[in-house]
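Down below is the structure, laid out as structure tokens.
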Amino acid sequence: AEAVVAKLDLPEFDSINFENPKVQRHYAGVQALALLEDFDDGSYDEHTVDATLPDVEGMKKRAGDDISALAAAVGFDAEAP
């Protein structure tokens, strides 16, 4: 577990640098409601990039073997969705 945490640690990471599109859509709706404006709720779709989601491929590259070893040690299928 220590190896996984060490390899996936991002000391320069700050969540404030990433906007959550679902939260932004919520704020837009609240603003529209407060200003008595129409709100188009279709601003978020499957093509919207959500930078708050984890980079699974990047994590596998950095610590894939250690993640698999940890999963096996605790009896978890690391390949299951």
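Annotations
- Qualifying positions in the range 30-60 - surrounded by 10 or more Cβ atoms within 10 Å (Cβ to Cβ) and not in a loop (DSSP other than H, G, I, E, B): 30, 31, 32, 33, 43, 58, 59, 60
- The range 7-29, residues that are open to solvent by less than 100 Å² (accessible area, probe 1.4 Å) and either within 30 Å of residue 65 (Cα to Cα) or not in a helix (DSSP H, G or I) (or both): 7, 8, 9, 10, 14, 15, 18, 20
For every residue, the table says whether it meets (1) under 15 Å from the mean Cα position of the chain (by Cα); (2) modelled with pLDDT under 85; (3) among the basic types (Lys, Arg).
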{"residue": "5", "(1), (2), (3)": "no, no, no"}
{"residue": "27", "(1), (2), (3)": "no, no, no"}
{"residue": "35", "(1), (2), (3)": "no, no, no"}
{"residue": "41", "(1), (2), (3)": "no, yes, no"}
{"residue": "59", "(1), (2), (3)": "yes, no, no"}
{"residue": "72", "(1), (2), (3)": "no, no, no"}
{"residue": "79", "(1), (2), (3)": "no, yes, no"}
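- Scan of the range 53-67 for residues that are without any contact (Cβ under 8 Å) to a residue 40 or more places away in the chain and closer than 22 Å to residue 19 by Cβ, ordered by number: 53, 54, 55, 56, 57, 58
The values are calculated or read from the model by the stated rules, or taken from the named source; none is laboratory data. All values reported here derive from a predicted model rather than from experimental measurement. All Cβ positions, glycine included, derive from the backbone under ideal geometry; neighbour counts span all protein chains shown. Only protein heavy atoms, including side chains, enter the accessible area calculation; ligands, DNA and RNA are left aside. Shrake-Rupley method; radii C 1.70, N 1.55, O 1.52, S 1.80 Å.
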